[in-house]
Amino acid sequence: MIDLLRKKRNKMVAYQNCFCDATGKNLTLDGQKVLKDLMQFCSVNASTAYQSSDGKIDPIRMAFEEGRRTVFNRIKYYLTLSEADFQKAKELNIE
């Protein structure tokens, strides 16, 4: 059990090192930029229900989009930041 907790903690620190400052509690500007890009790419704030050309829901495309969203949620889980931090990244004015 302790080994599992240590592995989880090490993984959390690694994610924070990629996205956060030295405290691990604040996103860096680059971290905000990457998260904003991932939020858009992973359809975090949009429906994943895609319609095919005949107007029916495309279950394969929907599963694909849900897979993207799952990856983003894993990153979010290990960063352990507040919703305000993610909102700040979302509102960042970059291209």
Restricting the range 30-45 to residues that are more than 15 Å from Asn17 (Cβ to Cβ), touching a residue at least 40 places away in the same chain (Cβ under 8 Å) and not charged (D, E, K, R), the residue that is surrounded by the most Cβ atoms within 10 Å (Cβ to Cβ): Gln32
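In the list Lys56, Lys76, Lys88, which residue meets the criterion of being basic (Lys, Arg) and farther than 27 Å from Arg9 by Cβ? Let's see the steps before the verdict.
Details: Lys76 fails: farther than 27 Å from Arg9 by Cβ; Lys88 fails: farther than 27 Å from Arg9 by Cβ.
That would be Lys56, the only listed residue that is basic (Lys, Arg) and farther than 27 Å from Arg9 by Cβ.
Within the range 1-47, how many residues are of a type in the set (Gly, Ala, Ser) and under 19 Å from Glu83 (Cβ atoms)?
Narrowing the range 1-47 to residues of a type in the set (Gly, Ala, Ser): 14, 22, 24, 31, 43, 46-47.
Now restrict to residues that are under 19 Å from Glu83 (Cβ atoms): 24, 31, 43, 46.
Of the residues in that region, 4 qualify.
Do we find that Leu4 is crowded, with 16+ Cβ neighbours inside 10 Å and of a type in the set (A, V, I, L, M) in this structure? First the steps, then the outcome.
Working: crowded, with 16+ Cβ neighbours inside 10 Å: no; of a type in the set (A, V, I, L, M): yes.
Criteria not met by Leu4.
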Which numbered condition Ala89 fails, given (1) closer than 22 Å to Asn17 by Cα; (2) among the hydrophobic types (A, V, I, L, M, F, W, C); (3) in contact with a helix residue (DSSP H, G or I) (Cβ under 8 Å, 6 or more places away or on another chain); (4) without any contact (Cβ under 8 Å) to a residue 60 or more places away in the chain: (4)
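Here, each number is a calculation from the coordinates, and none is a lab measurement. Here the structure is a predicted model, which means the values were calculated and not measured. Reconstructed Cβ throughout: ideal geometry from the backbone, glycine too, with neighbour counts over all protein chains shown.
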